[in-house]
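The values are calculated or read from the model by the stated rules, or taken from the named source; none is laboratory data. The structure presented is a predicted model; accordingly, all values stated were derived computationally and were not measured. Cβ: placed from backbone, ideal geometry, glycine included. Neighbour counts: every protein chain shown. Remember, those area values only see protein heavy atoms, side chains included, never the ligands or the DNA or RNA. Shrake-Rupley method; radii C 1.70, N 1.55, O 1.52, S 1.80 Å.
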Amino acid sequence: MIKVRKLVKRFGLKTVLRGLDFEVRTGEFVALLGPNGAGKTTFLRILASLSRPTLGELRVAGYPLPSQAAAVRARLGVVTHMPLLYGDLTAEENLRFYARMYGLGQADIRLAEVLELVGLSARRRDLVRTFSRGMQQRLAIGRAILHDPEVMLFDEPHTGLDQEACDMLDRILREVAARGRTVVMTSHDLARVEDLASRFDVLSRGVITASAGRDGLGGNLLDFYRGALAG
Amino acid sequence: MSSDRKGPTPSSRPPASFSRAVFAVAWKDLAAELRSRELLSAMLVFALLVILIFNFAIELAPSLRPTVTPGVLWVTFAFAGTLGLNRSMAIEKDRGCLDGLLLAPVDRAAIYFGKMLSNLTFMLIVEIVVLPVYSLLYNTNLFVPGLLGVILLGSIGYVAVGTLLASMAVQTRTRDVLLPILLFPVIVPVLLSAVRASGGFLQGLPMEQIRPWINLLAAYDVIFLAVAYMVFDQVVEE
């Protein structure tokens, strides 16, 4: 579903990604771990076609990037620690706007379905700026799954959420994964991703330094992570 | 997320049409502004203050008014417009909404034209308010059909290049300062043509003398719109 070969990204003289190779099969839930500044967000932004690679080959959902970026974006849902929502529009208006941008014709049924899934049906007519951080993040997930994407990218989705909101987010993430969607998520919260992901990759100094499935961790995730950074 | 997909899947669903995306972006901006009135009120108050300051600063003899009025009007529109352009893009950037727009599977030029359409609407609303106030303060009739046409053409040119440069400036930390520095040198041909054509109508010059300025204005509008259409994708992508 995602294939990346020899990906390089430079910002001026600074090289952030140094020949990164990465592959995700359909239905996998990959947790992308790494210290601050490792290049996780840059990598996800390139996969989301928000940033151009300097060098390398990328294919997402069978389409090459950046040449067929629009086709990739139609199959992609992205959630970041920013909600990407308009505070002066209601929850429903925000989703309706994105439904139009994704070419969903009569979106009423889908909108109701998504609002129900993220537990915001009762607040559908409230302005987003009146929402708590957790509610905004739930609506952000609603926005990202509105067009039923095949691939989902989550960039630190738990940032700034309280325990209850994190639990609700995890419930939605599990539901997304259970539907067979391919998920790549960056996070610093090892305890939380250990329960969610089916594979763990460590990105350090611009390359993937370790990769293991749930069974291949050889102990717990923290030891695996520390080992990957030390190696 | 529905496992039993009721609608078409992403692979079979046609992408949003260009015009649909343009109007969706413009509708979103207008709906949000209708609620907050943040941008329009700032532009309006600023424009009216500029007009008032000019009124106190320069005591105009009636014979001088047709020559000075176009300059005062376009300085007011340009300053108020810059305020609006900055704010309009800042709203997108501050909450990460620009990324949300760029993630949509539409031709990114549609995002530019949608933002341009809403910015143009805001600018025209300010102009609709400013013109009668100026007429009252300076006792000058500004409701000349030709002049209104020039204001429309000038505003399109201003907003066309302003929206593009605002989307560049908003990526920087110094966006508030950077936009006027980038915009005003580039917009000189539009402002010059608009001021000359507006002056021509107010002074009652024959159409033969005004037409070259209108043609120049229309040509710049087309050029700026075409350039923005071609480069917007590169401007907003990292």
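What does the net charge come to around A:LEU161 if you take all other residues with beta carbon closer than 12 Å to its beta carbon, with K and R at +1 and D and E at -1? Numbers along the way, then the final one.
Values: positive: A:ARG133, A:ARG138, A:ARG192; negative: A:GLU156, A:ASP162, A:GLU164, A:ASP167, A:ASP170, A:ASP189.
Within the 12 Å Cβ shell, the charges total -3.
Sorted from greatest to least, the principal axis extents spanned by the alpha carbons of region B:18-236 come out as 56, 35, 29 Å.
The contact between chain B and chain A removes approximately 4200 Å² from the accessible area (both sides summed; 1.4 Å probe; ligands, DNA and RNA excluded). Of B:TYR134, B:TYR229, the order by accessible heavy-atom surface (1.4 Å probe, DNA, RNA and ligands excluded), from most exposed downward, is B:TYR229, B:TYR134. Positive-end ranking of A:TYR225, A:VAL60, A:LEU84 along the dipole of chain A, with charges on Cβ about the Cα centre, is headed by A:VAL60.
Based on the Cβ-Cβ distance of A:ARG226 and B:VAL222, what FRET efficiency does E = 1/(1 + (r/R0)^6) give at R0 = 45 Å, to the nearest 0.05? Show your work: numbers first, answer last.
Working: r = 61 Å, r/R0 = 1.35.
After rounding to 0.05, the efficiency reads 0.15.
With contributions of -39500 (n - 2.57) from each DSSP H run of at least four residues, the per-residue ellipticity at 222 nm computed over chain A stands at -10500 deg cm²/dmol. For the residues B:SER167, B:SER36, A:SER67, a 1.4 Å probe over the protein chains yields an accessible-area ranking, largest first, of A:SER67, B:SER36, B:SER167.
Once you have the Kirkwood Rh of the protein assembly as shown from its Cα pairs, apply Stokes-Einstein at 37 °C and 0.692 mPa s and quote D in µm²/s.
135 µm²/s
Accessible surface of A:LEU76, taken over heavy atoms with a 1.4 Å probe and every protein chain present, rounds to 10 Å². GNM on chain B, alpha-carbon springs under 10 angstrom: the most fluctuating residue among B:ILE111, B:ILE223, B:ILE151 is B:ILE223. Extending 7 Å from the Cα toward the beta-carbon at both A:ARG52 and A:ASP170 defines two label points whose distance is 4.2 nm. Loop-resident trypsin sites (Lys or Arg not before Pro) (DSSP state other than H, G, I, E or B) in region A:90-143 with no more than 14 further Cβ atoms inside 10 Å of their Cβ: A:ARG125. Only helices enter the 222 nm calculation for chain B: every DSSP H run of n ≥ 4 contributes -39,500 (n - 2.57), and dividing by all residues gives -28000 deg cm²/dmol, rounded to 500. Considering only B:PRO66, B:ILE91, B:LEU152, the residue lying farthest towards the positive end of the dipole of chain B is B:ILE91, judged by Cα position with unit charges set on Cβ. The share of accessible area on region B:80-238 that comes from carbon and sulfur is 69 percent, using a 1.4 angstrom probe.
Tell me, what is the FRET efficiency for B:SER36 and B:ASN215 to the nearest 0.05, using R0 = 45 angstrom and their Cβ-Cβ distance as r? FRET efficiency, B:SER36 to B:ASN215: 0.70. Distance between the pseudo-spin-label points of B:ILE58 and A:ARG25 (7 Å out from Cα toward the beta carbon): 7.5 nm.
Grab the alpha carbons of region A:76-148, take their convex hull, and tell me the volume per residue in Å³.
Details: hull volume 5.5 nm³, N = 73.
Value for region A:76-148: 76 Å³ per residue.
Measuring how big chain A is from its alpha-carbon positions, Rg and Dmax come out at 17.6, 53 Å.
Pairs A:LYS14/A:LYS40; B:LYS28/B:LYS93; A:LYS9/B:LYS93; A:LYS3/A:LYS40: which exceed 21 Å Cα-Cα?
Working: A:LYS14/A:LYS40 15 Å; B:LYS28/B:LYS93 15 Å; A:LYS9/B:LYS93 23 Å; A:LYS3/A:LYS40 16 Å.
Violating the 21 Å Cα-Cα cut-off are A:LYS9/B:LYS93.
I'd like the antiparallel share, as a percent to the nearest 5, of DSSP beta bridges with both residues in the protein assembly as shown. Roughly 60 percent of the DSSP beta bridges within the protein assembly as shown come out antiparallel. If R0 is 35 Å, the Cβ-Cβ spacing of B:VAL186 and A:GLN106 corresponds to a FRET efficiency of close to 0.25.
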